[in-house]
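Presented below is the structure to which this report refers.
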Amino acid sequence: MDIKDTIEKQFSLIVHSVIILGEGLDSIAYLVNNEYIFKQSKHNAARVNLKREVQVLNYLKGKITLRIPEIEYYSEKYSVCGYKEIKGYKLTPGIYKNLSDDEKDMLAQNIALFLRELHSIALPDIEGLESDIMDDYRGDYDALRETIYDKIPDKSKVTLLLVLLLEKKRLKFSL
């Protein structure tokens, strides 16, 4: 069954358009009706990860100020979930370079706020979550460092470093 049929039969949502947004080793992301993002797992191990992702997003709902996907549709049977698209753009080195110093400082403050909020929340009791978080955190840290860290003002680095050090101590791993 293709994604259009799955969505219509599982969720009673009439699908007018489907665009593939991206595809990785584990899942395919679709833009449906120019409004919803649907993710579908490609294999059994990815089914477990998608279920975990849905559980985490539901757990975080209302606990942090940053907008996060709010799962509206989920089928464990078909390993698919859907949520309204959050409009935005990917921060690239080119985009970052063109930001003003004030915008860069605000970005650093927003990242620090998000990390502080996220890491002040107790981990939910979801099997295998802690090891996945550590792997993802390492990747996110590396991406942030490569993209913006060396370019932000020193006063903002202090805030980010404090959050990262506190998190490093909490999870007890090395970057």
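The values are calculated or read from the model by the stated rules, or taken from the named source; none is laboratory data. Bear in mind the structure is a predicted one, so any value in this text is a computation, not a measurement. All Cβ positions, even for glycine, are placed from backbone atoms using ideal geometry, and neighbour counts span all protein chains on display. Surface accessibility is based on the protein's heavy atoms, side chains included, excluding ligands, DNA and RNA. Shrake-Rupley method; radii C 1.70, N 1.55, O 1.52, S 1.80 Å.
Of the residues in the stretch 78-99, how many are over 28 Å from residue 5 (Cβ atoms) and not small (Gly, Ala, Ser)? Walk me through how you get there before you give the answer.
Taking the stretch 78-99 first, the residues over 28 Å from residue 5 (Cβ atoms) are 88-99.
Those still in the list that are not small (Gly, Ala, Ser) too: 89-93, 95-99.
Residues meeting the conditions: 10.
With respect to residue 80, is the statement that it is over 30 Å from residue 106 (Cβ atoms), aliphatic (A, V, I, L, M) and either surrounded by 17 or more Cβ atoms within 10 Å (Cβ to Cβ) or at pLDDT 95 or above (or both) true?
Yes: the conditions hold for residue 80.
Which ones in the stretch 9-25 are open to solvent by 60 Å² or more (accessible area, probe 1.4 Å) and either within 23 Å of residue 44 (Cα to Cα) or in contact with a Ser or Thr (Cβ under 6 Å, 6 or more places away or on another chain) (or both)?
9, 10, 20, 21, 23, 25
So for the stretch 54-67 (the condition being among the small types (Gly, Ala, Ser), part of a strand (DSSP E or B) and over 24 Å from residue 147 (Cα atoms)), does at least one residue qualify?
no
Could you tell me which residue of the stretch 101-123 is farthest from the chain's Cα centre (by Cα), considering only residues that are of a type in the set (Gly, Ala, Ser) and open to solvent by less than 50 Å² (accessible area, probe 1.4 Å)?
Going through the stretch 101-123, the residues of a type in the set (Gly, Ala, Ser) turn out to be 108, 112, 120, 122.
Subset that is open to solvent by less than 50 Å² (accessible area, probe 1.4 Å): 108, 112.
Details: 108: 18, 112: 16 Å.
Only one residue tops the list, namely 108.
Please specify each residue of the stretch 36-67 satisfying the condition of being at pLDDT 90 or above and touching a helix residue (DSSP H, G or I) at 6+ places or on another chain (Cβ under 8 Å).
Of everything in the stretch 36-67, those that are at pLDDT 90 or above and touching a helix residue (DSSP H, G or I) at 6+ places or on another chain (Cβ under 8 Å) turn out to be 38, 39, 40, 41.
Taking residue 50 as meeting all but one of (1) farther than 24 Å from residue 9 by Cα; (2) open to solvent by less than 60 Å² (accessible area, probe 1.4 Å), write down the number of the exception.
Evaluating residue 50 over (1) farther than 24 Å from residue 9 by Cα; (2) open to solvent by less than 60 Å² (accessible area, probe 1.4 Å) leaves (1) as the failure.
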